[in-house]
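For reference, the structure is listed below as structure tokens.
The values are calculated or read from the model by the stated rules, or taken from the named source; none is laboratory data. Just so it is clear, the structure is predicted and the values come from calculations on it, not from any experiment. All Cβ positions, even for glycine, are placed from backbone atoms using ideal geometry, and neighbour counts span all protein chains on display.
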Amino acid sequence: MTKSLAEALLKILFLWCVLAFETSSFFLQISRMTNASSFELFPSKISRHGNDQIEIEWSDAHKRMYGIRQLRDACPCATCRELRMSPRPTNLLTILKAEEIAPLLIVGMNPVGRYAYSIEFSDGHSSGIYTLDYLRELGRETPV
Ligand SMILES: [Zn+2]
């Protein structure tokens with residue numbers, strides 16, 4: 001009688017441990033999921049403002065305005081980064097191409113996975129992958 005009672009108590013203790021472990025790992029997973037989603041910022045709306053600006057409304061309701069020229073000049077691709085690191089001498093006359101004289105526009109803006117946007121400019125350049133963190137740093141905050 002006492003032996004079966006002890007066995008029953010052991011079984012209850014064992015089940016309680018399993019349940020406690022399962023519950024804690026379940027809540028750990030939930031908290032990880034909520035933390036991840038609260039820190040992940042993503043554009044909820046992208047709109048054109050005139051011919052030379054776009055506005056991005058972020059998932060945390062912040063709005064930022066971006067000059068198209070500013071975005072183009074901040075292109076994160078290797079070629080553009082290299083050009084920025086070694087600026088051309090100022091005493092040389094540069095010959096501009098037709099697409100460099102025409103007003104710069106954004107032709108396309110497409111998501112790359114869940115972490116970045118690729119921006120295609122009217123000058124034919126489209127190799128820059130703008131991560132969401134980088135996009136969030138650029139531009140200027142606009143009042144909501
Ligand atoms: Zn580039």
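Here the strands (runs of 3 or more DSSP E) wholly within segment 62-144 that include at least 1 residues being modelled with pLDDT of 95 or more and among the aliphatic types (A, V, I, L, M) are 63-67, 106-112, 116-121, 129-131. The condition of being basic (Lys, Arg), closer than 22 Å to Pro43 by Cα and more than 16 Å from the chain's Cα centre (by Cα) holds for only one of Arg136, Arg88, Arg81, Arg69, that being Arg69.
Of all residues in segment 68-93, which are within 13 Å of the ligand (Cβ to nearest atom) and farther than 26 Å from Leu132 by Cα? Across segment 68-93, there are no qualifying residues.
Assess whether Leu96 counts as being of a type in the set (A, V, I, L, M, F, W, C), in the same structural domain as Leu138 (by TED's automatic domain parsing) and within 16 Å of the ligand (Cβ to nearest atom).
no
Only one entry in Ser122, Ser118, Ser86 is loosely packed, with under 14 Cβ neighbours inside 10 Å, free of Cβ contacts under 8 Å to residues at least 24 places away in the same chain and of a type in the set (Gly, Ala, Ser), namely Ser86.
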